[in-house]
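Peer 1: Encoded as structure tokens, here's the structure I'll be asking about.
The values are calculated or read from the model by the stated rules, or taken from the named source; none is laboratory data. In this text the structure is predicted, and so the values were computed from the model without any measurement. With ideal geometry, Cβ positions are generated from the backbone for all residues, glycine too; neighbour counts draw on all protein chains shown.
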Amino acid sequence: MSLVALDFLLTIFHLFIIGFNLLGWVFKPTKKLHFYFAMLTLFCWVVLGIWYGIGYCPITDWQWNIKAQLGEQDLPASFIKYCTDRFIGLNINADLIDALTLLFFLMAIIASIKVNFYKTKLKPQ
């Protein structure tokens, strides 16, 4: 497989992971899987982050290695920052991107905990 194709597949995979981390809790068939997947992501960000830097993502690491082999330089630490720079055409501050990423991810985790561990009762009318 060519490096260009592998880079493309990793981009698609990355976007799927981001989407699932944000919205997987919404759908009944995936809500439990979402919780475990979000915990795996959190583990990478925090525990692996002890050694590799907080917010570490192994997929970003692998993809940046491929991009380096393809000649791309000055890659940001964040895949989401990369996407805003390249695909949306904006150069938003990296700290703001990181803060928004964390905020939306934590909101998704809270929603996942709510739908997975707290039963809501319908009130009779």
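Peer 1: With Ile17, Ile59, Ile92, Ile50 as the choices, which residue is in a loop (DSSP other than H, G, I, E, B) and farther than 22 Å from Phe117 by Cα? Lay out the reasoning, then the answer.
Peer 2: Details: Ile17 fails: in a loop (DSSP other than H, G, I, E, B); Ile59 fails: in a loop (DSSP other than H, G, I, E, B); Ile50 fails: in a loop (DSSP other than H, G, I, E, B).
Just a single option satisfies the conditions, and that option is Ile92.
Peer 1: Give just the number: which of (1) under 16 Å from the mean Cα position of the chain (by Cα); (2) surrounded by 13 or more Cβ atoms within 10 Å (Cβ to Cβ); (3) modelled with pLDDT under 95 does Ile17 not satisfy?
Peer 2: (3)
Peer 1: While we're on this one: How about region 52-107: which of its residues are farther than 19 Å from Ser2 by Cα, acidic (Asp, Glu) and surrounded by 11 or more Cβ atoms within 10 Å (Cβ to Cβ)?
Peer 2: Asp85, Asp98
Peer 1: Report yes if Lys32 is modelled with pLDDT under 95, under 27 Å from Phe117 (Cβ atoms) and out of contact with any strand residue (DSSP E or B) (no Cβ under 9 Å at 6 or more places or on another chain), otherwise no.
Peer 2: Working: modelled with pLDDT under 95: no; under 27 Å from Phe117 (Cβ atoms): yes; out of contact with any strand residue (DSSP E or B) (no Cβ under 9 Å at 6 or more places or on another chain): yes.
When the stated conditions are applied, Lys32 does not pass them.
Peer 1: Name the residue, out of Ala38, Ala77, that is touching a residue at least 12 places away in the same chain (Cβ under 8 Å), under 14 Å from the mean Cα position of the chain (by Cα) and not in a helix (DSSP H, G or I).
Peer 2: Numbers: Ala38 fails: not in a helix (DSSP H, G or I).
Of the residues listed, the single one that is touching a residue at least 12 places away in the same chain (Cβ under 8 Å), under 14 Å from the mean Cα position of the chain (by Cα) and not in a helix (DSSP H, G or I) is Ala77.
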